[in-house]
Amino acid sequence: MATAGIALRRSGAWVETVKDLRTSTAGRFFSNRSNQIAVLFIGPVVVLALIAQWLPIQEPLEINIVDRFQSPSLGHPFGTDGLGRDLLSRTLAGLRLSLWIGFAAAMIALTLGVIIGTMAGFMGRGVDRAISVVTDVMLSFPTLLLVIGVVAVMGPGVTQIIIAIAVADTPRAIRLQRSLAMGLRSRPYMDAARLASAPTRWILVRHVIPNTIAPMIVVATLYASNAIQAEAALSFLGLGIVPPEPSLGNLVADGRNYLQNAWWISTIPGLCIAIVAIGLHFLSDGVRDFLDPRQRS
Amino acid sequence: MSTYLAKRGGVMIPTIIGIVTVVFLMVRALPGDPVVFLLGDEGAVGAEALEIMREQLGLTDSIPVQYVRYVAKTLTFDLGNSLLSGVPVVELLKNAIPITLAVAAASVVFSVLVAVPLGALAAYWRTQGKDSLDQGLTWFAIIADALPGFWIALVMLLVFSLHLGWFPVSGTIEWTDPWQVFTRLALPVVVLGIAQLASIARVTRTAVLDALQDDYVRTARSLGTPELTILFRHALRNSMLPVITVLGLSFGRLLGGTIITENVFSLPGMGTLLVQGISGRDYTVAQGVVLVYAFLFISVNLITDVLYTRIDPRVKLEA
């Protein structure tokens, strides 16, 4: 294996391949080590979660009382729960839900953050003050508490959870976008645009947002990870996704009562959360390198 | 100092008003009629009973009147009675707050005691060309951050309480019996500590690594000061500021963590009270707990800012 590698490296073909990889966008993305680790962690999980319904496994809600409390085996790789439901199938369904919640909440926070944050940075002191008072108040609640509060008001359910998590993340996104936008105000190209009497809207769309979007996307990756953790915590506390619909959090909660005799019910879904979170951690590193123009050769 | 505190406190006033308003509105925005929930619907108890209850709870007045009354009551530490048990919320909080604070504070102490020396050693060994501890810490940080707190808590419970039987699974907390308090709080403290350990160790490591390159370290070395003295007395001391920053910043997460950990280890703290309040629709209880959490949170932010100036005389006092 090692000699083959050296031989390949010596031949010119290898160098050419690497050059190709570096120049194409996708190649540049995947030649980053962080992104490779991210794909290694999230790739299989995403694919499995998306194709779960066509896999030859029991339906997530199908009860099979004869097979209850089966430990992990070939037939049930993740074991079964107290009602004989297949935990692989339930975990994958939970994962799909988690991925959706993470994506949706992060996108909402990102969009609102960019729009409101830019407004705070460019629409004058009054608007800035008003926005910062609201964000300050929202940030004076611990994140999980804010999420719990919003869910308590709106009731459980997927949409409600997405909104609750987005509400908690948005003030942070607004603050970041505001400070990024403020930092751009004194740049020479901004002065040039203003001197050329470019309309404000044009300046914002052409100069401000493109120059702030990269760090915003990086934090959005982390928001997605936090959202998945928040949903799991909520459902674990019994305030999130209501059983029997499976979510990674309520699967862990469900296994609590059988911890001693059926350890797999709680532990495996919990590990899945960690795998996704580790993957997203590396993805945010990789995306940061990828979007940073200084890293481009 | 006192003018700084006054200024900084002044900035908090709009935030406090905001918090009280949000908490008030939170309960008004709840769906459903709390009176119907408490007594059953009209058919079961009759419209008259519902009306009396509504009167008692002050729900017949207009929203602004209710708001003013709520603010006035809150200012005099009257948070109402629990809708379910009738016990004053303040009484419930009196029992719950010490537990949450004890667990949170102990976990901070635990994580600092473990993480700071670890981070310092990692930095020191790195300057000696050995970076295995450094890399180990990086991976530990990633994994500790990724594993959900409730999962770590459950696994600890499974291993140390259920299998090894070292710690009790449940039971009340008698503050007069230190050993009982210790066995009951040890696992939750460690679980909460792990979440902070990683980031504290990483920050210490970076700060110490920076400090080891400073002039005073070279001076100390040239005077023949032992390496460990340089590391722990000079470099580490000057690296505490970022550690305090991280502790302050992660306090929100710590509070969130207490909600979950108390739940797993059935500790009767504020987190348990909150979850019970929300799932039992005991709104006054939930409202009171949220208020206390928010106040704790902003107070700690203030304390962190003040500590800053005490520890590093270079930080200017500007509100």
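Data table
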| item | result |
| --- | --- |
| Solvent-accessible area per residue for region B:89-311 (1.4 angstrom probe, square angstrom) | 44 |
| Residue order for B:77, A:103 - accessible surface, 1.4 angstrom probe, largest first | B:77, A:103 |
| Charged-residue dipole, Cβ positions (Lys, Arg, Asp, Glu), region B:66-151 about Cα centre, Debye nearest 20 | 180 |
| Cα-based equivalent ellipsoid of the protein assembly as shown: semi-axis lengths in Å, sorted from largest, via gyration tensor | 40, 34, 30 |
| With all protein chains modelled, accessible area of residue A:62 [1.4 Å, Å²] | 90 |
| Chain A: proportion of alpha-carbon pairs further apart than 34 angstrom, % | 37 |
| Protein-protein interface of region A:137-155, residues with accessible area decrease of at least 10 Å², isolated chain reference, 1.4 Å probe | A:137, A:139, A:140, A:141, A:142, A:144, A:145, A:148, A:149, A:152, A:153 |
| Karplus-derived HN-Hα couplings along region B:247-256 (A = 6.51, B = -1.76, C = 1.60, θ = phi - 60°), whole Hz, x at Gly and Pro | 4, x, 5, 8, 5, x, 5, 4, 4, x |
| Per-residue SASA entry for residue B:244, accessible area with 1.4 Å probe, Å² rounded to 10 | 20 |
| Cut-off under 5 Å, modelled amide H: who pairs with residue B:81 long-range | B:89 |
| Inter-label distance for residue B:218 and residue B:182, nm, one decimal - labels placed 7 Å from Cα along Cα-to-Cβ | 4.8 |
| Chain B, Cα convex hull volume normalised per residue, Å³ | 177 |
| Accessible area of residue B:216 in the full protein assembly, 1.4 Å probe (Å², nearest 10) | 80 |
| Simple label model, 7 Å out from Cα along Cβ direction - residue B:172 to residue A:50, nm | 5.6 |
| Fluctuation leader among A:87, A:283, A:271 - chain A, Gaussian network, Cα springs under 10 angstrom | A:271 |
| Largest-first ellipsoid semi-axes for region B:121-273, taking √(5λ) over the Cα gyration tensor eigenvalues, angstrom | 37, 16, 15 |
| For region B:1-159: Kirkwood Rh in Å [reciprocal of mean 1/r, alpha carbons] | 21.5 |
| Net dipole in debye of the protein assembly as shown [+1 Lys, Arg Cβ; -1 Asp, Glu Cβ; about Cα centre; nearest 20] | 2680 |
| Förster radius 30 Å - calculated FRET efficiency between residue A:189 and residue A:111, Cβ distance, rounded to 0.05 | 0.75 |
| Accessible heavy-atom area order of A:178, B:205, A:129, highest first, probe of 1.4 Å | A:129, A:178, B:205 |
| Rotationally averaged projected area of region B:2-75 (alpha carbon convex hull; nm²) | 5.9 |
| Sum of -39500 (n - 2.57) over DSSP H runs of 4+, divided by residues of chain B (222 nm, nearest 500) | -24000 deg cm²/dmol |
| Cα lying deepest toward the dipole's positive end in region B:89-311, options B:308, B:235, B:158, charges on Cβ | B:235 |
| Rounded Å value of the spacing that divides the Cα centres of region B:162-199 and region B:219-270 | 20 |
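The values are calculated or read from the model by the stated rules, or taken from the named source; none is laboratory data. This structure is a prediction, so every number in the text was calculated from the model and none was measured. Heads up, the Cβs are rebuilt from the backbone with ideal geometry, glycines too, and the neighbour counts pull from every protein chain shown. Protein only, heavy atoms only, side chains kept; ligands, DNA and RNA dropped before computing areas. Shrake-Rupley method; radii C 1.70, N 1.55, O 1.52, S 1.80 Å.
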